[in-house]
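These notes concern the structure reproduced below.
The values are calculated or read from the model by the stated rules, or taken from the named source; none is laboratory data. Just so we're clear, the structure is a prediction, and the values are computed from it rather than from any experiment. So basically every Cβ, Gly included, is an ideal-geometry build from the backbone, and we count neighbours across all protein chains shown. Note: accessible area is taken over every heavy atom of the protein model, side chains too, but ligands, DNA and RNA are not part of it. Shrake-Rupley method; radii C 1.70, N 1.55, O 1.52, S 1.80 Å.
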Amino acid sequence: MSILNYTGGNLEADIQLPSSKSLSNRALLIQALCEQPFPIHSLSTAHDTKLLQSHLLQIKVTDTLCLLDCEDAGTPFRFLLAYACLQEDKTLFLTGTSRLLERPIQALVDALRFLGADIAFQPFEGRNGYLIQGKKITGGDLKISGGISSQFISALCLVAPCLENGLRITIDDQILSESYISMTLSMMKYFGITSRFEQQQIIIDAQPYCAREINIESDWSSATFFYAMSMLMPSVKIKLNGLQKNSLQGDARIISLAEDFGIETIFHADACLLQRTKEIDPHHNQQYDLRDVPDLAVPFLVACAMQYPKVTLCALDHLEWKESKRLSALQHELAKAGFHFTYQDNTLSFSPSVSANTHSPVLIETYNDHRILMAMSMLCLRGYTLQINDIHCVKKSFPNFFTEIKKAGFQRSESLPVSI
């Protein structure tokens, strides 16, 4: 059990962000698909990325049946599923935690089967998962829903240039997290792949990836937690290192969102400075559609719950399909500190906060979800002391999170488990 509180005054710190795991994961899959090797610099040290890197190497060196445990890592699971189908004469078994196997995957499985992939959901060595017989897949035309996960479409796009006939993907429904699809196509362009993304169709012809050295920029998803903290504080001077203004990452949208709450971003070379330029009325009542930036939505939601309860958010259904049921998890954990919200008819509305006792520690359940833990840490800025049941889940995206927030005035210590 860990104890977390805030001992600082003004929010000031020089923060070293992790490298982007979204860019890192895409670079690793492209590296595996490219005929020539190339170096990747500043690769993310997030657990998801290490897991993907390890499994890609395992596939490369194994000729017999290869068991790949993706644990709770959704992106590696979906990317590896598509990649594994192309590994001719290899047999691979993909599995993971029970939560991972509950998360959406069937639309991607169906799409790959339609293209001719050999995939069967079945038990192996006492675990459920997907048994894949790698084979030649020629590609062609297919339809897939865009309303479940952008990772399905990204996975298909990444392997498309390696298919004899390429892919022409028609996307049904409104696209969720479209910024991540754009990121994928931009990364592919960097490595020489041309594509067309118009209206609801993506066209990628057969073509080789070109080997190019790449340097991975810092992670805008991790940066959003410091922006959300800044939204809560009267005085802010936070330096975030390694970020680029013209980023491929969709979560850079936090720059414009934070401006609505008086936070200005000033770029200097390979870093940016956050500072408060004006006070914002706590009754600020704008509505925000966050369907394209689900990771950003988590800290933004918590900041609004704590200080801007007139704000409304929409299009967040897909948060229930992440590492945890994030809307439900946030609703339950925020209520412990007197902050409440409802989500009905695609709209999230906050209720007036109820005064809670900041003198008694609040026991926070993390649901083994890194973003829930990092977002709930912001309660400390309102005087709460948190008891946290699991701090290690931050390794999924931001292994040094607690080291970095210590620079901003947070303090963590260890305690004995408490009775519930």
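Brief remarks follow.
- Checklist (1) at pLDDT 95 or above; (2) basic (K, R); (3) more than 17 Å from the chain's Cα centre (by Cα) applied to R253, failing item: (3)
- Applying the condition of being free of Cβ contacts under 8 Å to residues at least 40 places away in the same chain and of a type in the set (S, T, Y) to region 303-341 and asking which residue is nearest to A258 (Cα to Cα) yields T312.
- Strands (runs of 3 or more DSSP E) lying entirely in region 282-392 (those with 1 or more residues that are buried (at least 16 other Cβ atoms within 10 Å of the Cβ) and among the hydrophobic types (A, V, I, L, M, F, W, C)): 312-314, 340-344, 347-351, 362-364, 386-388
- Exactly one residue out of T95, T45, T62, T75 is surrounded by fewer than 18 Cβ atoms within 10 Å (Cβ to Cβ) and closer than 22 Å to S397 by Cβ: that is T45.
- Here Y6 does not qualify as under 26 Å from S179 (Cα atoms), touching a helix residue (DSSP H, G or I) at 6+ places or on another chain (Cβ under 9 Å) and either open to solvent by 30 Å² or more (accessible area, probe 1.4 Å) or hydroxyl-bearing (S, T, Y) (or both).
- Restricting attention to region 267-303, the residues being among the polar types (S, T, N, Q) and either within 15 Å of S349 (Cβ to Cβ) or touching a Ser or Thr at 6+ places or on another chain (Cβ under 7 Å) (or both) number 3.
- Of the residues making up region 218-237, those that are part of a loop (DSSP other than H, G, I, E, B) and either touching a helix residue (DSSP H, G or I) at 6+ places or on another chain (Cβ under 7 Å) or among the hydrophobic types (A, V, I, L, M, F, W, C) (or both) are D219, M233.
- Among the candidates F93, F77, residue that is touching a Gly at 6+ places or on another chain (Cβ under 7 Å), in contact (Cβ under 8 Å) with a residue 12 or more places away in the chain and in a helix (DSSP H, G or I): F77
- Filter result (of a type in the set (G, A, S) and open to solvent by 20 Å² or more (accessible area, probe 1.4 Å)) within region 23-42: A32, S42
- In the set (1) open to solvent by 10 Å² or more (accessible area, probe 1.4 Å); (2) of a type in the set (D, E, K, R); (3) at pLDDT 95 or above, K245 fails one condition alone, (3).
- Number of positions in region 194-205 that are open to solvent by 50 Å² or more (accessible area, probe 1.4 Å) and assigned to a loop (DSSP other than H, G, I, E, B): 4
- Sole residue being in a helix (DSSP H, G or I), at negative phi and over 20 Å from the mean Cα position of the chain (by Cα), chosen from Q36, Q53, Q31, Q87: Q31
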